[in-house]
Amino acid sequence: MKGKQMRNSIEIFGIPIDNLNMEEAMDRFKELLKKDRMSSIYTPNTEIIMLSETDEELKDALLDSQLNVPDGFGIVLASRIHGMGIKGKVAGIDMMEQILKYLNYTKKSIYILGAKPEILAGSILRIQNDYPCISVKDSHHGYFN
């Protein structure tokens, strides 16, 4: 489990959820970006955590990620019910907006994974229009089976 090194995280159904607010999550992202290797960041919500109970590939991806931020109040609520008290929701869309702004400023490249093919194509076009200094190196829709 590569992603569990030196993390301030809690576990929900065995999945590490990083206990970070947005600013801390962005700081962690910037640390990962400095490393000379690919990193994976996920924004699991309650549905994704529950799917990982029966989908081993999804579970392995979440376990091996370098950053899992709590995307949804269900994750925050579950942490509070179990006395773990996660700091709060870090919405994936809000974090992605911050990431794109930073990548545009630093002129980095990205790989995009997920969504229906037509949604993915539209997302890439929007990124290219709104963030012209980002290079979209490659992409893949979110359907593998």
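The values are calculated or read from the model by the stated rules, or taken from the named source; none is laboratory data. The model shown is predicted, which means the values in this text are computed figures rather than measured ones. Cβ placement follows ideal geometry from the backbone for every residue including glycine, while neighbour counts extend to all protein chains displayed.
General remarks:
- When Asp94 is tested against (1) surrounded by fewer than 16 Cβ atoms within 10 Å (Cβ to Cβ); (2) over 17 Å from Ala25 (Cβ atoms), exactly one condition is not met: (2).
- Hits in the stretch 115-144 (condition: part of a strand (DSSP E or B) and exposed (fewer than 15 other Cβ atoms within 10 Å of the Cβ)): Ser135, Lys137, Asp138, His140
- Close contacts from the stretch 76-102, counting a first residue that is basic (Lys, Arg) and a second that is not in a loop (DSSP other than H, G, I, E, B), with Cβ to Cβ under 6 Å and a gap of 6+ residues or different chains, come to Lys89/Phe73; Lys89/Val76.
- The stretch 33-51, residues that are touching a strand residue (DSSP E or B) at 6+ places or on another chain (Cβ under 6 Å) and not aromatic (Phe, Trp, Tyr): Ile41, Pro44, Ile49
- Remark: pairs (first residue in the stretch 116-145, in the same structural domain as Tyr102 (by TED's automatic domain parsing); second residue surrounded by 13 or more Cβ atoms within 10 Å (Cβ to Cβ) and not in a helix (DSSP H, G or I); Cβ separation under 8 Å; 6+ apart in sequence or on different chains) are absent.
- Restricting the stretch 98-114 to residues that are part of a helix (DSSP H, G or I) and surrounded by 12 or more Cβ atoms within 10 Å (Cβ to Cβ), the residue that is farthest from the chain's Cα centre (by Cα): Asn104
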